[in-house]
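One structure is given here, and the rest of the page talks about it.
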Amino acid sequence: MITVSRTRITQVAVQNSTDDDIPADVIPSKTQRKKDMHALQRIGEELVELDPKKLAELALPEILNDAIVLARSMQKHGARRRQLQYVGRLMREIDAQPIQQMLAMWHQPSVQQTARLHLLERWRERLLSDEQALTEFAQQYPHADLQHLRSLIRSAIKEKAAEKPPKSFRLLFQALQSVVPE
């Protein structure tokens with residue numbers, strides 16, 4: 001006895017059809033369709049958790065926006081889950097690619113912010129290890145409060161030698177953040 005699944009019969013029927021507009025390999029499998037639906041539902045969940053100001057920036061269709069606002073107010077697990085499924089279904093009707101790109105952009109720090117943090121970290125390490133670094137720092141950033149920076153550097157070095165918590169180490173980083181422009 002030969003058993004053939006229904007999806008296989010459907011695939012064979014599509015392959016044997018005379019309609020050349022839809023090639024058989026373009027039709028996604030049921031597993032792929034479910035994965036896509038779950039991905040859209042996860043994007044919908046992110047939208048529900050998103051700040052209302054950022055949500056307004058996305059300019060979503062009114063029905064989707066209303067469903068997201070309603071999902072935020074739901075506290076019961078079952079009702080919220082069903083509403084999130086509804087949001088996911090509404091997501092299938094729109095182009096989710098721009099939304100996904102905006103969410104990714106908001107979630108990852110910019111390259112400029114990362115470079116600035118690395119610069120601040122290098123300055124802090126140089127200030128703690130090299131005595132001439134403060135002079136160089138003062139030349140690059142003449143508006144810096146050198147007296148305050150000197151005291152933080154001394155305190156951070158003492159804390160490190162005494163194996164105390166790095167309070168001044170952190171304060172030095174914050175002081176550098178206020179001096180170095182973004």
Quick one: in region 144-160, which of the residues that are part of a helix (DSSP H, G or I) and of a type in the set (D, E, K, R) is surrounded by the most Cβ atoms within 10 Å (Cβ to Cβ)?
-> Glu159
Look at Gln100 and say whether it is surrounded by 12 or more Cβ atoms within 10 Å (Cβ to Cβ), within 14 Å of the chain's Cα centre (by Cα), assigned by TED's automatic domain parsing to the domain that holds Met37 and touching a residue at least 24 places away in the same chain (Cβ under 8 Å).
-> yes
Conditions (1) more than 30 Å from Glu46 (Cβ to Cβ); (2) outside any loop (DSSP other than H, G, I, E, B) -> Pro98 fails only (1)
Take region 161-170 and flag every residue that is surrounded by 15 or more Cβ atoms within 10 Å (Cβ to Cβ) and either on the phi > 0 side of the Ramachandran plot or not hydroxyl-bearing (Ser, Thr, Tyr) (or both).
-> Phe169
Would you mind stating whether Thr135 is assigned to a helix (DSSP H, G or I), more than 30 Å from Glu46 (Cβ to Cβ) and not aliphatic (A, V, I, L, M)?
-> yes
Please enumerate the residues belonging to region 29-48 that are farther than 14 Å from Ile99 by Cα and in contact with a Lys or Arg (Cβ under 9 Å, 6 or more places away or on another chain).
-> Asp36, Met37
Taking the stated definitions as given, is Glu93 of a type in the set (Asp, Glu), closer than 30 Å to Lys54 by Cβ and touching a residue at least 40 places away in the same chain (Cβ under 8 Å)?
-> no
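The values are calculated or read from the model by the stated rules, or taken from the named source; none is laboratory data. Note that the structure is predicted; figures quoted are calculated from it, not measured. No Cβ is skipped: glycine too gets one built from the backbone with ideal geometry, and neighbour counts run over all protein chains shown.
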